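Presented below is the structure to which this report refers.
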Amino acid sequence: MKIAVMPGDGVGKEVVPAGLKVLDVVARKFGFTYQTTDYPFGAEHYLATGQTLPDSALKELAAHDAILFGAVGVDPRGQAKIPQGILETEILLKMRFELDQYINLRPTRLLPGVPTPLANVGADDINMTIVRENTEGLYAGQGGFVYKNTPHEVANQIEVTTRRGVERCIRYAFEYAQAFGRKKVTLVAKTNVLRYAHNLWIRAFEQVKAEYAGIETDYHHVDACTMYMVTKPRIYDVIVTTNMFGDIITDLGAAIQGGMGMAASGNINPTRQAASMFEPVHGSAPDIAGQGLANPIATFLSVAMMLDFLEQKPAATAIKQACQATVADKANHTRDLGGQATLRQVTEIVCGKLA
């Protein structure tokens, strides 16, 4: 297996090495081999070189089996020197779009022992997977300005919705549900207001679901979904949704599963014609960077997702079980979970349970 490693910035430089330690332990235990290639791209690299993600590097990344990514973000000292949004659009979105990682997969599960801000909710109540369309919608970069910086300025941001893009995302959600024994797929959109783009979504959903007779289906407006994720999260199993709405509800999902430090993700190219990317979703967290305080569990679970995708399922399962056993003990909770454990301590405990 060829794995590209891009720690990025801030706590990314701490959690990714920890994730590689976990990867090394399971590789030795389950008898598989891998090679890694390091890439420096992120805010610090941009400030030093003016480069975001060159096309030559993107071509190299595409040839790997997977990418393990940390975080991009700006230290406040460099904020003024970096154009707004350039790191997100020219590194993260560029990889997603150019490598056709058209699925953003976000497991949202509350592990036993992990605190949640929801009252009267236990681990059995939050166990959903959100399938977010990842290369279209409002993030496709279509739009522009007229009369910019005048009193008559007009800004257009155009939602790009194609039948191909919508249908392949919906089909992936049903295939995922079928493969992992999930019972229901819920489409989340806004068909009552976005009567063109989301009419395409609901029509495609109705047509695709006919091919999966054994799976229950439902539809919720996105505003209702945000309420139900808080008031009755148990009703959700697999959610499929648009790029923008997925961005919002997956972060809500992270909050109810214990916070960003518990949230893993995969940016998936299901065709495997280019590398898929796996990353914790917590960002670079400059306020705690370099202090050994970050929660590495999201990175470990992202490594598990990567190994699942690379068909090393026993190793992936072992990591998930080790993470669950670790956080079940409050003594192993990092600061974001209300504890005092350090990144190093949690890493050693997880590696110990794996070994």
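The values are calculated or read from the model by the stated rules, or taken from the named source; none is laboratory data. These figures come from a predicted structure and were not determined experimentally. Cβ sites come from the backbone with ideal geometry, for glycine too, and all protein chains shown count toward neighbours.
Brief remarks follow.
- The set of residues from region 105-156 being among the acidic types (Asp, Glu), in a loop (DSSP other than H, G, I, E, B) and touching a Gly at 6+ places or on another chain (Cβ under 9 Å) comprises just one member, GLU136.
- Candidate set from region 263-315 (those that are modelled with pLDDT under 95 and at positive phi); member that is farthest from the chain's Cα centre (by Cα): GLY290
- When THR271 is tested against (1) β-branched (Val, Ile, Thr); (2) without any contact (Cβ under 8 Å) to a residue 24 or more places away in the chain; (3) outside any helix (DSSP H, G or I), only condition (2) is not met.
- Just one residue in the set ALA27, ALA48, ALA4 is assigned to a helix (DSSP H, G or I) and under 29 Å from CYS351 (Cβ atoms); that residue is ALA27.
- Subset of region 246-270 (residues that are hydroxyl-bearing (Ser, Thr, Tyr) and in the same structural domain as HIS221 (by TED's automatic domain parsing)): THR250
- Candidates are the residues of region 30-45 that are in a loop (DSSP other than H, G, I, E, B) and either outside the structural domain of PRO314 (by TED's automatic domain parsing) or not polar (S, T, N, Q) (or both); the one that is surrounded by the fewest Cβ atoms within 10 Å (Cβ to Cβ) is GLY31.
- Some residue of region 104-122 being free of Cβ contacts under 8 Å to residues at least 40 places away in the same chain, assigned by TED's automatic domain parsing to the domain that holds LEU200 and within 30 Å of LYS209 (Cα to Cα): no
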